[in-house]
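First the structure, in the form of structure tokens, and then the observations on it.
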Amino acid sequence: VVRKNPTRRTTHTLYDEISHYVPNHTGNSIRHRFRVYLSKRLEYVYEVDKDGKLIRDANGNLVHTKVLPPSIKKKFTAEEDYQLAIGIKKQFYRDLYQIDPDTGVSLISDEDSPTAIAKRNMTMDPNHVPGTEPNFQDYRVSDRRGPIAREFFKHFGESHPTHI
């Protein structure tokens with residue numbers, strides 16, 4: 001199965017799908033066994049095109065290759081890690097003070113829906129006095145923790161399409 005899905009060889013979903021056919025094993029146990037023991041013995045995989053579809057020769061047989069295609073999962077670069085950290089810091093700042101950290105404009109509007117008001121009341125600092133917030137450069141996340149809204153990660157994924 002891994003040979004026919006070489007671009008998915010590092011994903012959890014492939015091994016979870018395999019686990020449905022192997023009794024008494026989870027996707028994680030199969031993935032662990034493959035990574036620790038079997039991947040070293042993987043002499044070839046079937047060649048795939050840029051869309052991940054298997055390539056066949058003139059006789060209709062799958063084409064073998066020793067060159068592993070890039071996996072679907074990619075590591076973040078240092079620049080992307082930094083952008084993610086700044087993005088999270090900006091989201092915390094927005095949630096806490098209801099001010100856009102880039103423009104300094106208030107995010108509170110008279111036209112806000114009841115849902116937006118309820119969401120703001122959950123995330124905004126109840127002790128915050130408008131006008132006393134630090135500028136974004138001086139703001140420190142400190143011990144503030146999530147959760148961060150899913151919309152943040154959706155937008156971050158759209159701006160970094162290699163990591164969807």
Cβ-placed point charges (K, R +1; D, E -1), dipole of region 1-45 about Cα centre in debye, nearest 20: 200 debye
DSSP loop trypsin sites (Lys or Arg not before Pro) with at most 16 other Cβ within 10 Å: longest gap in the chain: 76-139
Going fewest to most other Cβ atoms within 10 Å around each Cβ, THR10, THR77, THR103 line up as THR103, THR77, THR10
Among ALA85, ALA58, ALA116, which one shows the biggest mean-square fluctuation in a GNM of the chain, springs joining Cα atoms closer than 10 Å? ALA58
Taking 18 Å as the cut-off for C-alpha to C-alpha distance, list the pairs among LYS89/LYS154; LYS4/LYS75; LYS90/LYS154; LYS4/LYS66; LYS50/LYS154 that go past it. LYS4/LYS75; LYS50/LYS154
Charged-residue dipole, Cβ positions (Lys, Arg, Asp, Glu), the chain about Cα centre, Debye nearest 20: 1360 debye
Roughly how tilted is helix 78-97, in degrees to the nearest 10 and between 0 and 90, from the longest Cα axis of the chain? 40 degrees
Relative contact order as a percentage, the chain, C-alpha pairs under 8 Å and 6+ apart, gives 17 percent
Once Lys and Arg are counted +1 and Asp and Glu -1 for all other residues with Cβ under 12 Å from that of GLN83, the total becomes -1
Taking loop as defined by DSSP and a crowding limit of 15 other beta carbons within 10 Å, which chymotrypsin sites (Phe, Trp or Tyr not before Pro) in region 24-118 fit? TYR44, PHE76
What longest range of the chain stays clear of loop-exposed GluC sites (Glu not before Pro) (DSSP non-H/G/I/E/B, at most 15 other C-beta within 10 angstrom)? 44-110
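Any read-out appearing in this document is the output of simple, stated calculations on the displayed coordinates, not a laboratory observation. Keep in mind that this is a model prediction, so the values were computed, not measured. Glycine gets a Cβ as well: all are built from the backbone with ideal geometry, and neighbour counts include every protein chain shown.
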